[in-house]
1. If you go through region 1-48 one residue at a time, how many are loosely packed, with under 11 Cβ neighbours inside 10 Å, outside any loop (DSSP other than H, G, I, E, B) and at pLDDT 85 or above?
2. Go through region 143-159 and give me each residue that's over 18 Å from Ser183 (Cα atoms) and either of a type in the set (D, E, K, R) or surrounded by 21 or more Cβ atoms within 10 Å (Cβ to Cβ) (or both).
3. Read through the list (1) closer than 24 Å to Asp249 by Cβ; (2) within 12 Å of the ligand (Cβ to nearest atom); (3) in a loop (DSSP other than H, G, I, E, B); (4) not charged (D, E, K, R), then give the number of the only condition that Ala51 fails.
4. Please work out if His111 is at negative phi, touching a residue at least 12 places away in the same chain (Cβ under 8 Å), within 14 Å of the ligand (Cβ to nearest atom) and surrounded by fewer than 20 Cβ atoms within 10 Å (Cβ to Cβ).
5. Collect the residues in region 57-83 that are not basic (Lys, Arg) and not in a loop (DSSP other than H, G, I, E, B), keeping them in residue-number order.
6. Being surrounded by fewer than 14 Cβ atoms within 10 Å (Cβ to Cβ) and either modelled with pLDDT of 90 or more or acidic (Asp, Glu) (or both) is the filter here, so list the residues in region 53-70 that pass it.
7. Do we have any residue at all in region 187-209 that's β-branched (Val, Ile, Thr), more than 16 Å from the ligand (Cβ to nearest atom), out of contact with any Pro (no Cβ under 9 Å at 6 or more places or on another chain) and closer than 17 Å to Thr38 by Cβ?
8. Let me spell it out: the conditions are (1) away from the ligand (no atom under 14 Å from the Cβ); (2) buried (at least 21 other Cβ atoms within 10 Å of the Cβ), and Tyr78 meets all of them except one. Which number is the exception?
Amino acid sequence: MALIFGHGRLAIAPPPPPPPPLSPRAENLNRAGQIRRTVLTDRNRTKLNIAPDRDFYAFPRLVTHVDDGFIRELTDVYRQRIPAGSEVLDLMSSWVSHLPPEFSYKRVVGHGLNAQELLKNKRLDDFFVKDLNRDPSLSGIAAESFDAVVCAVSVQYLEQPEKIFAEILRVLRPGGVCIVSFSNRMFYDKAIAAWRDGSDYSRIQLVVQYFQAVAGFTQPEIIKRIPGMVDDSTLISRLLNFWRAPGKDPFYAVISYRNIKPA
Ligand SMILES: C[S@@+](CC[C@H](N)C(=O)[O-])C[C@H]1O[C@@H](n2cnc3c(N)ncnc32)[C@H](O)[C@@H]1O
């Protein structure tokens, strides 16, 4: 309430009208990047190996962590979802980024824990080393500076994924895409309990929930390619699937966009 002096009298002004309600779209933009809910309990975040992650990754591993079939699927998803000319952030990267070799991007920035691996990565224009479990932020990166953020076969090592996904949203431009891929392999002792103790199905759901926990991401899409798998639920198909492609890595990707999926 405001006091107004005028014409020698003291008047009491009526309170200003309340601001008009935000449209659902404006409200969404207003809350963008907020963590709506916590996905993991403290117990879910624990690891069997509690030594610092930097020690675990101190020696370069110049290997591929998944088989050629998985990498082909992943490169194909990148080909379809990340336009040439984009600025790309490869989170939790190493000496390979799996981006399509025929595409040129405006800039590819890598992040990981081992500088020697990142130095060998020919796709990177730049890189930085940071333990995301010690400091779950991308504080050195300006808001809305990337068109795509990718994270390949590594999300299982994040102890505070809600904060990292909020940071991913922050650094993405509106319409930018985040692609998180994984298989059923892991450094078991370094994966969080929720991942270690889960199934392929529950892991997909976990990553879906990481996206859903942050305001501003579109409804996540799931891509599943299970080598040799026939997509019906008859008993005979399920039995056959066991011997069609033994030992091949299943491919899973969960994809979401900041605000909107471009047409
Ligand atoms: C299995 S490798 C995958 C590397 C790469 N994305 C690929 O496709 O080959 C897991 C990566 O996660 C990263 N990483 C693990 N723990 C991390 C942490 N606490 N902070 C940041 N990066 C981490 C490491 O740099 C490591 O290279």
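The values are calculated or read from the model by the stated rules, or taken from the named source; none is laboratory data. This structure is a prediction, so every number in the text was calculated from the model and none was measured. Please note: Cβ atoms are built from the backbone with ideal geometry, for glycine as well, and neighbour counts cover all protein chains shown.
1. 1
2. From region 143-159, those over 18 Å from Ser183 (Cα atoms) are 143-149, 159; that's our starting set.
Hits for region 143-159 are Glu144, Phe146, Asp147, Ala148, Val149, Glu159.
3. Tallying (1) closer than 24 Å to Asp249 by Cβ; (2) within 12 Å of the ligand (Cβ to nearest atom); (3) in a loop (DSSP other than H, G, I, E, B); (4) not charged (D, E, K, R), Ala51 fails exactly one: (1).
4. Details: at negative phi: yes; touching a residue at least 12 places away in the same chain (Cβ under 8 Å): yes; within 14 Å of the ligand (Cβ to nearest atom): yes; surrounded by fewer than 20 Cβ atoms within 10 Å (Cβ to Cβ): no.
No; evaluated as a whole, the condition is false for this residue.
5. Here is the first cut: in region 57-83, the ones not basic (Lys, Arg) are 57-60, 62-71, 73-78, 80, 82-83.
Matches in region 57-83: Asp68, Gly69, Phe70, Ile71, Glu73, Leu74, Thr75, Asp76, Val77, Tyr78, Gln80.
6. Taking region 53-70 and keeping what is surrounded by fewer than 14 Cβ atoms within 10 Å (Cβ to Cβ), we get 55, 58-59, 61-63, 68.
Scanning region 53-70 gives Asp55, Asp68.
7. no
8. (1)
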